[in-house]
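Submitted below is the structure of interest, expressed as structure tokens.
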Amino acid sequence: MNSIVVNLTQVKERIELAALAAKREPEEIELLAVSKTFPASAIEEAMHAGQSAFGENYVQEAVEKITQLEKLRPWLVWHFIGPLQSNKTRDVAEHFDWIHSVDRLKIAERLSTQRGEFPSLPELQVCIQVNVSEEESKSGVSLSNALELCDAVSKLPNIVLRGLMAIPEPTSDPLKQRQAFAAVRDCFKQIQSSRLVDPDYQFFDTLSMGMSDDLEAAIAEGSTMVRIGTAIFGKRDKITK
Ligand SMILES: *Cc1c(COP(=O)(O)O)cnc(C)c1O
């Protein structure tokens, strides 16, 4: 297996090539390193190679690592990207900088209230997760209900609405990958253009889509943040959570 440093370089090259192919600037696309199931030492290794944004899926595992790496906090930015139950929102409000996986108002309201209990922290950055493939098992609000949820979330204190996140149904067909990402992009652009002068939407700039196997398709369709785990840290052991 390659080292994390080599993998990071290769992922950045893929991002750059995909951006150039889409006639976009590579700097428009942020790399989020998804470190779930990997130890704090792997995060430190990636950090020493220049990576600062890390994504985690499981609250308890993440809080342990964030606490372990507290000294590095000024350089690290923590993104929560997993499904979130309402009894775990406080941990996210206390420890994270971003959350990508808000898909109902109740969760956003709890995060808003609980973030307010930590006045020294900046506002929590929030993306709304959309369910583009309309899979029963997947979390996410439907594309047709995304605007309504965004409107409600955008008005809450202590959090900032940043954009949309999607995890399309896995497929190795690049055309199908692009269709799904294009649908999310269209929804994102529609929300942006219909709320152009709304101050609650002034930071609505993030389209979080693309993983190790489909980052090229996501970038071709306008992704501004790719969430990459396997291609940086290697294969994950099966987890039982
Ligand atoms: C695990 C995970 C990723 C990273 O997936 P890879 O295929 O390992 O790159 C990205 N986003 C979310 C929401 C995840 O849960």
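The values are calculated or read from the model by the stated rules, or taken from the named source; none is laboratory data. Only a predicted model underlies this, so the values are computations on that prediction, with no experimental measurement involved. Reconstructed Cβ throughout: ideal geometry from the backbone, glycine too, with neighbour counts over all protein chains shown.
Looking only at the range 188-218, which residues are within 16 Å of the ligand (Cβ to nearest atom) and closer than 23 Å to residue 82 by Cβ?
Within the range 188-218, the subset within 16 Å of the ligand (Cβ to nearest atom) is 206-218.
206, 207, 208, 209, 210, 211, 212, 213, 214, 215, 217, 218, listed by residue number.
Report those strands (runs of 3 or more DSSP E) wholly inside the range 13-94 carrying at least 2 residues which are more than 23 Å from residue 119 (Cα to Cα) and touching a residue at least 12 places away in the same chain (Cβ under 8 Å). Full working, then the answer.
Working: elements: 30-34, 53-56, 77-80.
In the range 13-94, the matching strands (runs of 3 or more DSSP E) lie at 30-34, 53-56.
Among the numbered criteria (1) modelled with pLDDT of 95 or more; (2) more than 16 Å from the chain's Cα centre (by Cα), which single criterion is violated by residue 171?
(1)
Determine whether residue 222 is modelled with pLDDT of 95 or more, within 16 Å of the ligand (Cβ to nearest atom) and not β-branched (Val, Ile, Thr).
Working: modelled with pLDDT of 95 or more: yes; within 16 Å of the ligand (Cβ to nearest atom): no; not β-branched (Val, Ile, Thr): yes.
So residue 222 does not fit the description; no.
Here's a follow-up. Does any residue in the range 224-237 that is in a loop (DSSP other than H, G, I, E, B) and β-branched (Val, Ile, Thr) come within less than 8 Å, Cβ to Cβ, of a residue that is more than 7 Å from the ligand (Cβ to nearest atom) and at pLDDT 95 or above six or more places away or on a different chain, and which pairs are these?
Cβ pairs passing all conditions: 224/28; 224/29; 224/30; 224/163; 224/205; 224/206; 224/207; 224/208.
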